[in-house]
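Beneath this line is the structure, given in structure tokens, with notes to follow.
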Amino acid sequence: MNQAQELTVGPSRWSQGGTVYFNEYELGGIAIQVFGEEGPEYTATVALAGNDPGENCVWLKGWGANEDVPEALEAAGIVELTGITRRTGFAVAQHAKLTEKALAALAAQKAAQAHES
């Protein structure tokens, strides 16, 4: 990913934040991962069976080690929280839509990966 498209997120309760990378779940859907200077910080998203978040949208984990992560991603301008939630076990996933800035970074990352192949 080129520097112009690199996204960063600030700290949350249990993380110092870091650089945002996009991936894709095996069954489809966007995954958001954050890497700090010393390696992986967290995976911000969760895939919920039978609950497709929709185009350019994700389900975010805000529990356990991911406490305050959805809010940190929103503050960084990466997602817009929609207020929709889904229960997953004993926790609740938060629905979010990727911002234009995030979509541009995702497209740049995909283009860079295609170029490497």
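Things worth noting here:
- Acute angle (nearest 10 degrees) that the helix 100-116 long axis makes with the longest principal axis of the chain, alpha-carbon atoms: 50 degrees
- When the alpha carbon gyration tensor of region 3-116 is reduced to an equivalent ellipsoid, its three semi-axes come out at 21, 17, 13 angstrom, largest first.
- As a rough footprinting exposure proxy, the listed residues TRP59, TRP14 were ranked by other beta carbons within 10 Å of their own, and the order from fewest upward is TRP14, TRP59.
- Under 22 Å from the Cα of LYS110 - lysines, other chains or at least 8 residues apart: LYS97, LYS101
- Förster radius 41 Å - calculated FRET efficiency between ARG86 and GLN113 (Cβ-Cβ, nearest 0.05): 0.90
Every number here is computed from the coordinates shown, using simple stated rules; none is lab data. Computed from a predicted structure; not experimentally measured. Don't worry about glycine lacking a Cβ; one is built from the backbone with ideal geometry, like all the others, and counts go over all protein chains shown.
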